[in-house]
Amino acid sequence: MPNPAILQRGEDGIVVIEKAAATPKSCCHHHAPQTPNNGQPMAIEQLLVELRGAFEAEKAQGHVINNRQEPESFKRMNTKSYGTCNGGDWQRFALFNDIHYVRNLVEANEDFELIVICWKAGQVSRVHNHDASHCWLTVLDGDMKEVQYQRVGSQATAAAVLAAATGAERAEPVGSAVVVEPTQINAMKVGDVGYINDHLALHSVGCYLSPEDVQPAADSDSGWRQQGGVTLHLYSPPIRRVKIYEENAVTERTPGYYSKGGVRV
Ligand SMILES: N[C@@H](CS(=O)O)C(=O)O
Ligand SMILES: [Fe+2]
């Protein structure tokens, strides 16, 4: 179990974390002396407190939260510290399904949603967008791969022209035929963080291991056994609708949750 941390809100609204005087436990993934959380595993509650504070601070500065902001203005909002050094407390949210990758909700509020996504070996998401949201993706377990896509040909120009003219998000009408091509492949391992939004690219994510390649490694503390990959997704604002690009036709769906707070829904 991670050491308990005392959380306080400073006068400037920034969260001050005071480590409880407990046996120091070095970070689980990296042993460099200077890690984002001083080498201490970060609790997911701590991450949530920091995220809530960060979004409040952004709003207090008058920022409207959507994907048109510079990711730079969101430096304190990503999940890198937690991804780099956590005590595995995400495991209580990590439910898997044999058929599909599944989205397990940790917290949703009007500013953001934090989701633990579980991928059995071989499960891959279809090419999709992220509506008007920022999307940070942090690998918590397993080896993952992100493939980014761009629209090709005249549709790409048409979508860009439409977006520029109307201020609309860069997403096509449902039913339209859109050809996409892979432009970038990012192999991601535990602790890696990716960022994407609709202005940058579309993507597909997956755990490309075959089931036979998974080496179940039991964590003696928790009994956790690797089943594929686990990723932590921070969306801001929460994603309401996504577009799926397949077979040259765009479809739309409302993403759901497989569990909330570790409980199956
Ligand atoms: N954006 C996807 C997961 S991923 O493939 O990035 C989702 O929220 O379901
Ligand atoms: Fe995605």
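The values are calculated or read from the model by the stated rules, or taken from the named source; none is laboratory data. Source: prediction; values computed, not measured. All Cβ positions, even for glycine, are placed from backbone atoms using ideal geometry, and neighbour counts span all protein chains on display. Side chains are part of the model used for accessible areas, which takes the heavy atoms of the whole protein and leaves out ligands, DNA and RNA. Shrake-Rupley method; radii C 1.70, N 1.55, O 1.52, S 1.80 Å.
On the basis of being open to solvent by 60 Å² or more (accessible area, probe 1.4 Å) and at pLDDT below 85, does residue 166 make the cut? When the stated conditions are applied, residue 166 passes them.
Suppose the filter is surrounded by 23 or more Cβ atoms within 10 Å (Cβ to Cβ) and under 14 Å from the mean Cα position of the chain (by Cα); does residue 133 pass it? When the stated conditions are applied, residue 133 passes them.
Restricting the stretch 116-136 to residues that are touching an Asp or Glu at 6+ places or on another chain (Cβ under 7 Å), at pLDDT 95 or above and of a type outside the set (Val, Ile, Thr), the residue that is farthest from residue 197 (Cα to Cα) is 120. Number of residues in the stretch 226-256 that are of a type outside the set (A, V, I, L, M, F, W, C), surrounded by fewer than 17 Cβ atoms within 10 Å (Cβ to Cβ) and at pLDDT 80 or above equals 10.
If we scan the stretch 188-198, do we find a residue that is under 16 Å from the mean Cα position of the chain (by Cα) and on the phi > 0 side of the Ramachandran plot? Scanning the stretch 188-198, I find at least one residue that is under 16 Å from the mean Cα position of the chain (by Cα) and on the phi > 0 side of the Ramachandran plot, so the answer is yes.
Checking the structure you have, find out if any residue of the stretch 210-225 is within 16 Å of ligand 1 (Cβ to nearest atom) and at pLDDT below 95. Quick ask: steps written out before the conclusion?
Within the stretch 210-225, the subset within 16 Å of ligand 1 (Cβ to nearest atom) is none.
Checking the stretch 210-225: not a single residue is within 16 Å of ligand 1 (Cβ to nearest atom) and at pLDDT below 95.
Quick check on the stretch 66-86. Is at least one of its residues assigned to a loop (DSSP other than H, G, I, E, B), within 23 Å of residue 230 (Cβ to Cβ) and modelled with pLDDT of 80 or more?
yes
Of the residues making up the stretch 176-186, those that are under 15 Å from the mean Cα position of the chain (by Cα) and not polar (S, T, N, Q) number 0.
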